[in-house]
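The values are calculated or read from the model by the stated rules, or taken from the named source; none is laboratory data. Source: prediction; values computed, not measured. Methodologically, a virtual Cβ is constructed for each residue, glycine included, from the backbone with ideal geometry; neighbour enumeration extends over all protein chains shown.
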Amino acid sequence: MGAPGKTAIYPLQILVNYWELKPQRLAAKLNLLLRNGITHIATFVPWQVAENDISHSLTKFLQMLADRKMSATLILSPEVGVHALYAGLPKDLAKNSEIQARNRDESPATVILPPRIFAMPTLHAKELTNRYHAFLTKLDGMIGELGRAQPELLESLQLVLTGSFFKYYRPASGSQLAAFRGQNGDRSNAAELAFRNELDHYANLREFAAGGLGIVPKAKENEPLFRAQFQQNAEELFRIRQSQQVRKRSLGVDVVQAELFTPEADPSLAYSNLFQLTGRGMPDFPAFDRMIAEAATRQAMVGEARAAPVLHWTGFGPFTRLTDSEKQYLILKSLLLLGSRGGGILLDEAEWFSLSNAFRKRVELFAETLLGRELELETKAFCLTGHLWSDGKVTDAVTKEASSLFWPELRLALDTQARLIASPEALVWEMEAKIVFIEPNVILTTEKWHKLIDWVESGRVLVFSKHQPMSSAVRADFDAAIRTRAKLDLNIGTRYFVYGAGEGKLVQFDPITVGAGATNAQVSSAWKQFVASMLSLARATPEMGVNDPRIDLVCLKRGLEAGSGRAGLFVFNGSRATVAAEIRFENEVTIADLSAVLSRASGASTAEAADDAAESNRFELETPPCGVLPISVTGLGESGLEKRDAGNLTGLTARAADEAAANELAGFQMGDDFSGVFK
Amino acid sequence: MDLGQDWDALHRTLYPRKKSKGSSQSNVVFIAHHADRVLRVVGDSDDLLFSTGAPVAEAMNAIGANRKTVAIDIAEMDRAIAQILKTDGGIYEQVLALRDELEPSRGVIPDWEEHFVFSAVRSWWGKLLPSSFGIYLHLEGSETLEASSILLIFRKGELQEFNEPDLSAVSQERRGDLGEVAKILRERHRVPVQGFAMNRADFDEWSDAGNVSATWKNLARALKQNRMSLHPFRFGVAALVGWRGIF
């Protein structure tokens, strides 16, 4: 039995909602799936449907699965994009305007998606949470009862709990230029009450005691910081409480914590969805494409466990109106990016079978490879933020200028190899990561600080601001620690201090702001330089790049733990034209066709094949519109780093020899080629 | 007996999936703007993405005269969304309300092709039809197309319930007789039910063509050639179908 969040989720989940089909048709559907080799399916269990399930359709469905020796994933949390009115919420709750969530603009948080445009309820309302917990308890009892009669039935079940509506409490107006721009969060009366209670709690904590040098919880200027923290805590609390309702009677059932992304329901697509619905306009393919990376670069946590990121393409949203090529592109990209992070995709059964056989086979091959952890998305740098679904921007109360932000720069520099987290617990999951940047909206508490320091002391880098909000206890702890340590005082446009911490380094920077003798462009340039220099200090620089912005590179390391230096590089072209682009690597590598490499049976033969190929650090590739090129690359990671170090060393030695020769030998000129003399 | 609402079945039956290659094409470009600044452009050209953040007039120039442009201020869209949250029903009713509600700052929202079944019910037919009734669509499959059936129940002109009827308790013999099925459904849901049996491929083709005169002419022709049948056969219904093809 796996603990919540620790069990693997199958990367490719085919969605068949049991409540959408009559028993006879459901049985026929399951038989058809079985004939097509599908033995595992996923289904939503809408709250409204389960509450009124007088015909015991869920029990019958589970029995049908057991009879066919099939397994299923049941998604229990309320989610958007479910094929039911009000996303399957009980109608009386969904229609109750008094418990509607309010976004930062004080407007209802709406979902623009069939079968109905509706306003989401607040997950802070007691009326809603109590009833929701009762629904989960009832379901747990039902599954437990079934399990007692047929223990094998429990083994074939996986219950999935998600973060529900929390990430959708964003106004559409603020999400158009960047999906998670600005502050996200519920501002309903119930949420505000809970926030005030949490502020009281912080104010009463000893580490925030008045008179210290730390920040004051109830000060007006600190409200946005504590609000971001509150939204993050509220989501985690919701997740923990819902997981406490299951496995009380259904002992032994597998429970998985997931973060379900439904791009079609995201507020960033609200206006284009509206146009698509009212004017039969075309679906916003580029926005879907961008949302995949947003989902893959954010890591939600539940306590110390990771929530598996899962991306859901619905059965009647705008996704269904895309062309087959566009669908295939999005499916492959989302599968690779989220599957390589321990999650996967959820795809409507009819959509799946509408795609060609060859494509389905290809996707299944990648899904198997991802399940076997043969391809993993590496994390080079972390960015710790106060709230996972808001950006880290905080506005200076005096200058009204936004503080510097790490996340946009990290995304530009490292793309999907940068990871946004809101809990330091996420750090220990990615041993290969070298650096963590702390956003200015993070309040450092003693617990957080100790976790960060523990991680840094094993040879990593922690970057934080001189004005980082922290509790009085952390401020005192930090001031005492740095007094005894030697520091390096450096300035590259941004002034920063480097302190030793075990085998790692603490970097405290002095943020520069627009107006203090610096223009916007100067600040931006200095900031870029600072982030690049920190990545270089931590040896977390990107290993490759492409000369055309229309091309996305996704590098999935193969056998990451073994440090083999092998990778699967996927070249995505989401544009409408064929793009010929040059891919540059930091050191010389060999490339081959990844599909051929993965299909080969033995690992030895792949290595031999790679050895035959010529080494280079530049490759020109032509990618068709909506095309995906899978390439096998050998020579990255540690072995690539060694090559680069050796190359640098050779260069330095040659230069030193040249300089020595120029000093000692009359007539010798730097740049003379003497290589021919030794032939 | 409550039939319920199966949105997936409704969507799959009325709006069948179309296979298409390449990138999506459209001659209409959508602009979402805030005051004079473009926030989102949706169109079938990669270059349009560069118009994000530009003044609306500049974006309109970039789009050119070959394409129709619809620009709507996001404040207007937020207002319209807030309004339609108050309407009852599903997405179809909400979309109709939205089309009335939304006022583009430039261009006009393109005509929306409502499904021909809904258009007919909402047309002058409404004056002749009873206040509550059901339409049972029995679509026969082929090698490439799955057979399907759906019962649509309208009350006061609005689609209230829709689902594949559960006929598991009905004998195979009675299930084969569509007249019998319509009778069973009438008794079960207490509304007059008109059954239409036809080929799935034909229905998909007509659905795709939309509510145009040719669709109704094809329907009338299919009725005449026995490619479509009514269960029970009501002369009035056959006449209504024929009349729509003419007018």
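Go through segment B:70-102 and report how many residues are buried (at least 17 other Cβ atoms within 10 Å of the Cβ), touching a residue at least 40 places away in the same chain (Cβ under 8 Å) and more than 20 Å from the chain's Cα centre (by Cα).
Matching residues across segment B:70-102 total 6.
Mind checking which helices (runs of 4 or more DSSP H) fall wholly inside segment A:268-385 and carry at least 3 residues that are closer than 30 Å to residue A:406 by Cβ, touching a residue at least 60 places away in the same chain (Cβ under 8 Å) and among the aliphatic types (A, V, I, L, M)?
Of the helices (runs of 4 or more DSSP H) lying wholly inside segment A:268-385, those with at least 3 residues that are closer than 30 Å to residue A:406 by Cβ, touching a residue at least 60 places away in the same chain (Cβ under 8 Å) and among the aliphatic types (A, V, I, L, M) span A:285-297, A:324-339.
Give the residues of segment B:19-52 that are under 27 Å from residue A:550 (Cβ atoms) and of a type in the set (D, E, K, R), sorted by residue number.
B:19, B:21, B:37, B:40, B:44, B:46, B:47
Go through the residues of segment A:570-591 one by one and say whether even a single one is part of a strand (DSSP E or B), under 22 Å from residue A:381 (Cβ atoms) and under 20 Å from the mean Cα position of the chain (by Cα).
yes
Given the structure, is residue B:22 under 28 Å from residue A:579 (Cβ atoms), in contact with a strand residue (DSSP E or B) (Cβ under 8 Å, 6 or more places away or on another chain) and among the small types (Gly, Ala, Ser)?
So residue B:22 does not fit the description; no.
Residues that are within 18 Å of the chain's Cα centre (by Cα): list the helices (runs of 4 or more DSSP H) wholly contained in segment B:142-247 that include at least 2 such residues.
Because the criterion is at least 2 residues that are within 18 Å of the chain's Cα centre (by Cα), the helices (runs of 4 or more DSSP H) in segment B:142-247 that meet it are B:200-209, B:213-224, B:235-246.
Against the definition (of a type in the set (Lys, Arg), assigned to a loop (DSSP other than H, G, I, E, B), farther than 18 Å from residue A:168 by Cβ and more than 14 Å from every other protein chain (Cβ to nearest Cβ)), how does residue A:241 come out, yes or no?
So residue A:241 does not fit the description; no.
Tell me yes or no: at least one residue of segment A:85-98 is over 24 Å from residue A:25 (Cβ atoms) and in contact with a Ser or Thr (Cβ under 6 Å, 6 or more places away or on another chain).
no
Okay, residues lined up against (1) touching a Gly at 6+ places or on another chain (Cβ under 6 Å); (2) among the charged types (D, E, K, R); (3) under 27 Å from residue B:114 (Cα atoms):
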residue	(1), (2), (3)
B:148	no, no, yes
B:153	yes, no, yes
B:164	no, yes, yes
B:168	no, no, no
B:175	no, yes, no
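Pull up segment A:503-512, narrow it to residues that are over 9 Å from residue A:461 (Cα atoms) and either touching a helix residue (DSSP H, G or I) at 6+ places or on another chain (Cβ under 7 Å) or of a type in the set (Phe, Trp, Tyr) (or both), then point me to the one that is surrounded by the most Cβ atoms within 10 Å (Cβ to Cβ).
Out of the qualifying residues, it is A:509.
Quick check on residue B:139: is it outside any loop (DSSP other than H, G, I, E, B) and modelled with pLDDT of 90 or more?
yes
Could you list, in sequence order, all residues of segment B:29-38 that are surrounded by fewer than 20 Cβ atoms within 10 Å (Cβ to Cβ) and facing chain A (nearest Cβ under 8 Å)?
Scanning segment B:29-38 gives a single hit, B:34.
Quickly run through segment B:59-70 and pick out the residues that are part of a loop (DSSP other than H, G, I, E, B) and of a type outside the set (S, T, N, Q).
B:64, B:65, B:67, listed by residue number.
Residue pairs, Cβ under 6 Å, 6 or more apart or interchain, first in segment A:70-88 and within 14 Å of chain B (Cβ to nearest Cβ), second assigned to a helix (DSSP H, G or I) and among the acidic types (Asp, Glu). List them.
A:83/B:8
Within segment B:4-54, count every residue that is closer than 19 Å to residue A:268 by Cα and of a type in the set (Ser, Thr, Tyr).
2
Pick out the one residue from B:105, B:142 that is among the small types (Gly, Ala, Ser), touching a residue at least 24 places away in the same chain (Cβ under 8 Å) and within 14 Å of chain A (Cβ to nearest Cβ).
B:105
Any idea which of B:164, B:140, B:180, B:146 is surrounded by fewer than 15 Cβ atoms within 10 Å (Cβ to Cβ) and acidic (Asp, Glu)?
Exactly one of B:164, B:140, B:180, B:146 is surrounded by fewer than 15 Cβ atoms within 10 Å (Cβ to Cβ) and acidic (Asp, Glu), namely B:146.
Whether any residue in segment B:191-210 is within 19 Å of residue B:245 (Cα to Cα), touching a helix residue (DSSP H, G or I) at 6+ places or on another chain (Cβ under 7 Å) and at pLDDT below 90 is what I want to check.
yes
For residues that are more than 16 Å from residue A:126 (Cβ to Cβ) and more than 14 Å from chain B (Cβ to nearest Cβ), scanning just segment A:175-186, find the one that is modelled with the lowest pLDDT.
Here the residue is A:183.
Can you tell me which residue among A:344, A:315, A:339 is crowded, with 19+ Cβ neighbours inside 10 Å and either facing another protein chain (nearest Cβ under 10 Å) or aromatic (Phe, Trp, Tyr) (or both)?
So the residue among A:344, A:315, A:339 that is crowded, with 19+ Cβ neighbours inside 10 Å and either facing another protein chain (nearest Cβ under 10 Å) or aromatic (Phe, Trp, Tyr) (or both) is A:315.
Got a sec? Which of A:370, A:335 is at pLDDT 95 or above and on the phi < 0 side of the Ramachandran plot?
Of A:370, A:335, the one residue that is at pLDDT 95 or above and on the phi < 0 side of the Ramachandran plot is A:335.
Only one of A:512, A:482, A:492 is touching a Lys or Arg at 6+ places or on another chain (Cβ under 9 Å) and either more than 30 Å from residue A:635 (Cα to Cα) or small (Gly, Ala, Ser) (or both). Can you tell me which?
Of the residues listed, the single one that is touching a Lys or Arg at 6+ places or on another chain (Cβ under 9 Å) and either more than 30 Å from residue A:635 (Cα to Cα) or small (Gly, Ala, Ser) (or both) is A:512.
Select from segment A:187-214 the residues that are assigned to a loop (DSSP other than H, G, I, E, B) and in contact with a Ser or Thr (Cβ under 7 Å, 6 or more places away or on another chain) and write down the one among them that is modelled with the highest pLDDT.
A:188
Does residue A:297 satisfy the condition of being away from every other protein chain (no Cβ under 14 Å), crowded, with 22+ Cβ neighbours inside 10 Å and either of a type in the set (Val, Ile, Thr) or in contact with an Asp or Glu (Cβ under 8 Å, 6 or more places away or on another chain) (or both)?
Yes; evaluated as a whole, the condition is true for this residue.
Condition check ((1) within 14 Å of chain B (Cβ to nearest Cβ); (2) within 19 Å of residue A:86 (Cβ to Cβ); (3) free of Cβ contacts under 8 Å to residues at least 12 places away in the same chain) across all residues:
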site	(1), (2), (3)
A:129	no, yes, no
A:144	no, no, no
A:170	yes, no, no
A:173	yes, no, no
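Of all the strands (runs of 3 or more DSSP E) wholly in segment A:473-562, which have at least 1 residues that are within 25 Å of the chain's Cα centre (by Cα)?
Once the strands (runs of 3 or more DSSP E) in segment A:473-562 are filtered for at least 1 residues that are within 25 Å of the chain's Cα centre (by Cα), what remains is A:544-546, A:551-558.
Quick grid of which residues meet (1) at negative phi; (2) more than 7 Å from chain A (Cβ to nearest Cβ); (3) in a helix (DSSP H, G or I); (4) β-branched (Val, Ile, Thr):
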{"residue": "B:11", "(1), (2), (3), (4)": "yes, no, yes, no"}
{"residue": "B:19", "(1), (2), (3), (4)": "yes, no, no, no"}
{"residue": "B:47", "(1), (2), (3), (4)": "yes, yes, yes, no"}
{"residue": "B:57", "(1), (2), (3), (4)": "yes, yes, yes, no"}
{"residue": "B:72", "(1), (2), (3), (4)": "yes, yes, no, yes"}
{"residue": "B:80", "(1), (2), (3), (4)": "yes, yes, yes, no"}
{"residue": "B:83", "(1), (2), (3), (4)": "yes, yes, yes, no"}
{"residue": "B:87", "(1), (2), (3), (4)": "yes, yes, no, yes"}
{"residue": "B:96", "(1), (2), (3), (4)": "yes, yes, yes, no"}
